[in-house]
Amino acid sequence: MNLNDNVINLPKIGEKKQKVLQNMGVSTIYDLLHYFPRKYEDRSIFKKLNEIKAKEKASVKAKIIRFEKVNLKFKKSIINIYVSDDTSTACIKLFNNNFILPELEKGRYIFFYGQAEENYDLLQFNSPEIEFDKAEKKIGMIYPIYPLSNGIKNSEILSAVKYSIENADMTSLEYLPNEYLEKYRLIPTYDAIKNIHMPKNINILKQSRYRCIFNEFFELNIFLNAQKSNVQKSVGIKFKKSENINDIIKKLPFELTNAQKKVLDDIFSDMNKDVPMRRLIQGDVGSGKTIVAFLSIYNSCMNGYQSAFMVPTEVLAVQHYENALDFFKNTDIKVKLLIGSTKNKAKLYEEIENGEVDVVIGTQALIQEKVVFKNLGLVITDEQHRFGVNQRKKLEEKSNANPDIIVMSATPIPRTLSLVIHKDLDVSVIGELPQNRLPIKTVAERKINEQKVFEFIKKQVKIGRQAYVVCPLVEENYDLDLISVNELYEKLLDVFPKEYSIKVLHGKMKAKEKEDILKNFQENNINILISTTVIEVGINVPNATIMVIYDAQRFGLSQLHQLRGRVGRGDKQSYCVLLYDNANKITMQRIQTLIDTNDGFEIAKKDLQLRGAGEIFGVKQHGIPEFKIGDIMQNIDILEFAQKCANEVMDHMDNRYITNIIETIYSRMNIS
């Protein structure tokens, strides 16, 4: 049996069960063997009846002394089986299980596992697992419990796994020679797979789990090493550092932070190499990543190349475009905006293809087939975790050469996750904010106390400040006890004086309408802006000093931090108010974390602990499969060890052997 064979070839797996398994992510024998148990029950130790306490789970070997069937209404029944060992007596109670009656015989040995209940002076086991004569399938072993779905039982998965282990050729699962297994003190993969499903004892189970976790991390690191090696072997564009860069920096209305200067040094050093740049610029909200991007674009343009700047939302694209127009106003650099609502696209496409446009800022509209660049040299992606790996690749492939790549993220990623997601990138961190920034003061209030918040907003508006108020919904939803943008707009019209300008912003509005509202807010023609999370990234209005977030319990920690980052962008004290309701323990942990710190790295670390890497950073978005058994936070020691081993294998093993490993891993990841 081949590992790539479909599970329908297994005994007792018909078309219905095949579909159930497929929906669980199990299509092949390989998938099945890597469908790991979620937990185990130790049923290997048999206890005497007089040793078992109420509420305790135990395995028991006893003899049937008598049994009875009690008929109930509506064709229901209870079967009581009274059993005894040499220490005591107990009752097994089964509900509506007439199929077992032919198996019941006085004096026959019965093996069972279940939870004991106290029924007067007699121990009672309700619907335990049962075997007769000998324990071999469910009792007397460390029993695996799998994640299940409607239409398939735990015993059916275990039976299919057992058959696969006994009949499948698993030699290809092991790609490390014996000398490396001995050196790294790893058990063979075959033994690990067998014992993670059917462990002989706890010790071998621990070794098996370790090896399976190691394999996931090892495969990933080999894959990322191969990707980075391919980039390093390719020839890129060798940019010269423009002689005018320093003059441009001196003319800025503010001084760059030391962190920004360091990052620019990294970028210009990369651009000057004939190997394509692959650099992540990681910085907290408000740290000044955009100006670094503009200076990089300027250098690209001065070398005669075009630049593409892709962002996730039209709102952010428009803001970057307007800021770019201002930044490049005294130069010959021509900047254009390309979003879904851009008019006369045909003319713009022609200008881009003819090289009449130097910089194109836009959304995913940039990756349409009609967009053809004459000489694209620099590709920048902002809020890169919001784009899939294929989307970013499509933009890169619009260059005739191998362009330099900058990806920017305001979602700080802890070192543990960076080991996985960004191994193919060089990382630069803007780890400081401009000197004039004050820490944002964050408080939390129950929604019933919103009147206090309204009064605070009034005081701030009176002294010339502006406020954001964020809601999770655009329109009222009767199934969710959440306030919507439209509801809140009507409420605030009644609460605040008529001379206050209150406007609404959300993703369903037309681009021109959103653009006009943002422009008026930036020019302080709007006092209070009620919005959805469309303002989550990139919006920069230094005079806005209040961020009120309704139903904060509905947002993730990193998203709350991003929203909070819309204020505190000037030299005035800013405030964030988290209004919540029906908050559970984890919600209150999130809220307390925001109150305690403004440090994005600390917040990201906490969010990673609370929610996991896949949900926050979109591991799949990076072209990386989700881990089936490994956990980055819990297994950091195995991750670092696997990384070290992968590096050693790539450096010292025969090239043909490494090629076989890479081809095997690529095949499993469906990568050509």
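We did not get these values from a lab; they are worked out from the coordinates using the rules stated. The structure presented is a predicted model; accordingly, all values stated were derived computationally and were not measured. Cβ placement follows ideal geometry from the backbone for every residue including glycine, while neighbour counts extend to all protein chains displayed.
Odds and ends about this structure:
- Global dimensions of region 195-294 from alpha-carbon coordinates: Rg and Dmax equal 22.7, 72 Å.
- On the principal axes of its alpha carbon atoms, region 328-408 extends 30, 26, 24 Å, with the longest extent given first.
- Taken one residue at a time, the phi angles of region 261-277 give Karplus couplings (6.51, -1.76, 1.60, θ = phi - 60°) of 4, 5, 5, 4, 4, 4, 5, 5, 5, 5, 5, 7, 9, 8, 9, x, 6 Hz. Gly and Pro are set to x.
- The ratio of the alpha-carbon radius of gyration of region 245-430 to the globular-protein estimate 2.2 N^0.38 Å is 0.97.
- Fraction of beta bridges assigned by DSSP in region 45-140 that are antiparallel (%, nearest 5): 85 percent
- Violating pairs (Cα-Cα greater than 20 angstrom) within the set Lys491/Lys585; Lys16/Lys153; Lys240/Lys262; Lys347/Lys370; Lys228/Lys273; Lys273/Lys644: Lys491/Lys585; Lys273/Lys644
- In this structure, the pairs whose alpha-carbon distance is over 32 Å, taken from Lys334/Lys393; Lys76/Lys138; Lys69/Lys194; Lys19/Lys628; Lys251/Lys459, are Lys69/Lys194; Lys251/Lys459.
- Per-residue [θ]222 nm for the chain (sum of -39500 (n - 2.57) over DSSP H runs n ≥ 4, rounded to 500): -11500 deg cm²/dmol
- Taking every C-alpha pair closer than 8 Å and separated by at least 6 residues, the mean separation divided by the residue count of the chain gives a relative contact order of 12 percent.
- Projecting the Cα atoms of Asn344, Leu376, Val60 onto the charge dipole of the chain (Cβ charges, centred on the Cα centre) puts Val60 farthest toward the positive pole.
- Evaluated with a Cβ-only charge set (Lys, Arg +1; Asp, Glu -1), region 225-266 carries a dipole of roughly 200 debye about its Cα centre, given to the nearest 20.
- Projected area averaged over orientations for the chain, convex hull of C-alpha atoms, nm²: 38.2 nm²
- For the chain, the antiparallel share of DSSP beta bridges with both residues in that region comes to about 40%.
- Of the chymotrypsin sites (Phe, Trp or Tyr not before Pro) found in region 319-367, none is in coil by DSSP with at most 16 other Cβ atoms within 10 Å of its Cβ.
- Taking all pairs of distinct alpha-carbon atoms in region 127-281, Kirkwood radius in angstrom: 21.4 Å
- For region 104-153: rounded, prolate or oblate by the Cα gyration tensor [a/c cutoff 1.5]: oblate
- Relative to its residue count, region 87-174 spans a Cα convex hull of 175 Å³ per residue.
- What you get for the chain, charging only the Cβ of Lys and Arg (+1) and of Asp and Glu (-1), is a dipole of about 1020 debye around the Cα centre.
- Of the peptides 243-256, 190-203, the ranking by mean beta-carbon count within 10 Å, highest at the top, reads 190-203, 243-256.
- Counting only Cβ charges, +1 for Lys and Arg and -1 for Asp and Glu, the dipole size of region 441-617 around its Cα centre is about 500 debye.
- 19 Å Cα-Cα reach of Lys498 towards aspartates and glutamates, excluding residues that sit fewer than 8 places from it in its own chain: Glu455, Glu487, Glu490
- 18 Å tail of the calculated P(r), region 45-140, as % of Cα pairs: 41 percent
- Per-residue HN-Hα couplings for region 302-314 [Karplus 6.51, -1.76, 1.60; θ = phi - 60°; Hz; x = Gly/Pro]: 5, 9, x, 10, 7, 10, 10, 10, 9, 10, x, 10, 5
- Only one residue of Asn527, Tyr146, Ile248 has its Cα farthest out toward the positive end of the dipole of the chain, where Lys and Arg carry +1 and Asp and Glu -1 on Cβ, and that residue is Tyr146.
- Ranked by the mean number of other Cβ atoms within 10 Å per residue, highest first, peptides 369-377, 281-289, 574-582, 178-186 order as 281-289, 574-582, 369-377, 178-186.
- Ordering of 40-49, 206-215 by burial proxy (mean other Cβ atoms within 10 Å per residue, highest first): 206-215, 40-49
- Over region 477-531: Rg over Rh, Cα atoms, Kirkwood Rh: 1.01
- Dmax and Rg, reported as Rg then Dmax, of region 441-617 (C-alpha, Å): 15.6, 47
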